[in-house]
Amino acid sequence: MIRKLLFPLLLILVSCNAPTPPANNAKVKTPSKPKAVTSKPSLSPWVVKTYVDANGVPSSRKYVRLDADGTFSDLTVSNNYLHTVFLVNKENAGILLHQFKKSNPAEKFTGMARIKMKNASGKELEMTSSRGWNKSGGILIEQNNNDYSQFRIFILQSEGVINVEILGDSSSVYHFDINAAGFADAFSQI
């Protein structure tokens with residue numbers, strides 16, 4: 001019987017004198033602040049290019065280029081694919097309109113082309129042109145009637161998307177949007 005009493009008593013004594021577990025020396029991690037995510041600057045849709053001569057040799061003259069897609073309609077088709085190329089240099093600007101696919105030649109205008117632009121803030125610009133960008137086609141926005149200066153200032157002062165409508169000869173209508181973002185930076189490099 002003494003054994004029966006002694007055993008629980010011994011257990012109590014041993015448990016009271018049990019060694020203490022080692023102290024937890026591990027450092028408590030404090031929550032760290034999340035690192036700021038550095039966003040990559042958005043690429044400008046306006047690209048600085050260099051003119052090349054007939055032999056493919058680059059010149060010192062530069063221009064700014066923007067490609068945009070849209071639609072065109074005329075007497076025979078409605079809302080078909082349009083690829084547009086804007087070319088802007090220090091003297092003038094050109095708009096090349098490629099119907100159906102990018103690789104088609106630029107449209108040639110034989111009469112007047114009326115160009116209407118409207119920016120995101122509702123400001124509008126209207127210009128007319130009767131000249132081609134070059135012998136291959138396109139529309140020239142030149143210094144006459146101050147059109148080129150107004151065009152350049154309009155894009156420089158616009159933010160975001162600019163809606164463009166071109167009314168061409170033979171009842172052709174072209175619609176597309178251009179993005180003004182990055183134009184000022186690109187234009188300053190030419």
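The values are calculated or read from the model by the stated rules, or taken from the named source; none is laboratory data. Bear in mind the structure is a predicted one, so any value in this text is a computation, not a measurement. Every residue, glycine among them, receives a Cβ derived from its backbone with ideal geometry; neighbour counts consider all protein chains shown.
Annotations
- Output for the range 111-140, where each listed residue is polar (S, T, N, Q) and free of Cβ contacts under 8 Å to residues at least 60 places away in the same chain: Ser121, Thr128, Ser129, Ser130, Asn134, Ser136
- Residue match in the range 69-81 (condition: surrounded by 13 or more Cβ atoms within 10 Å (Cβ to Cβ), closer than 27 Å to Asp185 by Cβ and under 21 Å from the mean Cα position of the chain (by Cα)): yes
- Residue in the range 112-119 that is of a type outside the set (D, E, K, R) and modelled with pLDDT under 90 present: yes
- Selected residue (criterion: farthest from Thr110 (Cα to Cα)) from residues of the range 152-190 that are aromatic (Phe, Trp, Tyr) and buried (at least 20 other Cβ atoms within 10 Å of the Cβ): Phe183
- Test for Lys90: is it in contact with a helix residue (DSSP H, G or I) (Cβ under 8 Å, 6 or more places away or on another chain), surrounded by fewer than 18 Cβ atoms within 10 Å (Cβ to Cβ) and either within 23 Å of Asp185 (Cβ to Cβ) or without any contact (Cβ under 8 Å) to a residue 24 or more places away in the chain (or both): no
- Residue within the range 130-139 that is surrounded by fewer than 17 Cβ atoms within 10 Å (Cβ to Cβ), assigned to a loop (DSSP other than H, G, I, E, B) and in contact with a strand residue (DSSP E or B) (Cβ under 7 Å, 6 or more places away or on another chain) present: yes
- Matching option when the condition is touching a strand residue (DSSP E or B) at 6+ places or on another chain (Cβ under 8 Å) and in a loop (DSSP other than H, G, I, E, B), among Lys116, Lys108: Lys108
- Subset tally (residues that are of a type in the set (Ser, Thr, Tyr) and over 17 Å from Leu66 (Cβ atoms)) for the range 143-190: 4
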